[in-house]
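Quick notes on the structure that follows.
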Amino acid sequence: MQIKDQLNRTISLEGSPMRIISLVPSQTELLHDMGLEDKVIGITKFCIHPFHYKSIKQIVGGTKQIKIDKIKALKPDIILCNKEENTKEIVAICEQVCAVHVSDIYSIKDTLELITQYGVLFNKRTDASKIIDKIQFNFEDFKNFIRDKPIFKVAYFIWRKPWMAAGNSTFINYLLELNNYKNIYDNLERYPEVNINKIQEEGDPELIFLSSEPYPFKEKHAFEIGRVSHHSKTVFVDGEYFSWYGSRLIKAFNYFKKLRTNL
């Protein structure tokens, strides 16, 4: 069989893959929700959903550093990567082992396309369709909810030392826009380093979001940024709902509703 991934690369396989390695946490969760637990043989140390995987699946490294010997020993049929999560070098190395599928996600549309591709690739079309239907239903419901809500200026931070924010051309920024949040750093690409001492002159956000991942922000960090952003309200947000795609989106829109209501 032949299938194209989201970089338009053609992948050739003898049949539906039976041994899968996932190097992307959100895609690992998606595979589980598609009923593919028995076929997933390798994951990263960051694949924390479902929780029990870390005790029954082989850990093959992280998303940026892999243990290629462990990957080879597992004899996978396919390795699943993501353009943002994994490097070109990782994809190239993995291609020496077996077929590699690379996702590229910037929107809900991209997510639904990925789920459709997985449905075909792993012969799980019905399961894929059920997940897609749930996401689309909740998405339409959320659009009705958010339509008349006011727009807030926000800054979404993912790291400290250096302080790094979500900028343009990211899935996070896309979801912020869906939530009627105007990202003050959307004039910058990807995940820029920023000077928090200049946050007022660079946009003076009404809300500052401190993500639960990848950096473990604490109350002391909220006080730190609060000293330089006098007019902003600092809010701790669940980073999985703002950055994970796949089946996580089924629950994300209810989270977004609660967050907006609490604000």
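The values are calculated or read from the model by the stated rules, or taken from the named source; none is laboratory data. Just so you know, these numbers come straight off a predicted model, no measurement behind them. Positions of Cβ are generated from backbone atoms using ideal geometry, with glycine treated the same way; all protein chains shown enter the neighbour counts.
Select from the range 31-56 the residues that are basic (K, R) and over 13 Å from M18 (Cα atoms) and write down the one among them that is modelled with the highest pLDDT. Per the stated criteria, the residue is K45.
Among residues of the range 121-166 being among the charged types (D, E, K, R) and assigned to a helix (DSSP H, G or I), the one that is nearest to F223 (Cα to Cα) is K143.
When residues in the range 11-30 are screened for being farther than 16 Å from E113 by Cβ and surrounded by fewer than 24 Cβ atoms within 10 Å (Cβ to Cβ), 9 of them pass. Taking the numbered list (1) in contact with a Lys or Arg (Cβ under 9 Å, 6 or more places away or on another chain); (2) surrounded by 22 or more Cβ atoms within 10 Å (Cβ to Cβ) in turn, Y156 passes all entries but (1).
Just one of the numbered conditions (1) touching an Asp or Glu at 6+ places or on another chain (Cβ under 8 Å); (2) outside the structural domain of T116 (by TED's automatic domain parsing); (3) at negative phi; (4) surrounded by 14 or more Cβ atoms within 10 Å (Cβ to Cβ) is not true of P162: (4). From the list E193, E202, E189, the one residue that fits, being among the acidic types (D, E), without any contact (Cβ under 8 Å) to a residue 40 or more places away in the chain, closer than 18 Å to S229 by Cβ and touching a strand residue (DSSP E or B) at 6+ places or on another chain (Cβ under 7 Å), is E193.
Of all the numbered requirements in (1) buried (at least 18 other Cβ atoms within 10 Å of the Cβ); (2) closer than 21 Å to D238 by Cα, V102 misses one, and that requirement is (2).
Scanning the range 5-44 for residues that are of a type outside the set (V, I, T), part of a loop (DSSP other than H, G, I, E, B) and under 17 Å from V91 (Cβ atoms) yields D5, Q6, L7, N8, R9, L13, P17, L23. The set of residues in the range 129-188 that are closer than 22 Å to S212 by Cβ, touching a helix residue (DSSP H, G or I) at 6+ places or on another chain (Cβ under 8 Å) and among the acidic types (D, E) contains only D186.
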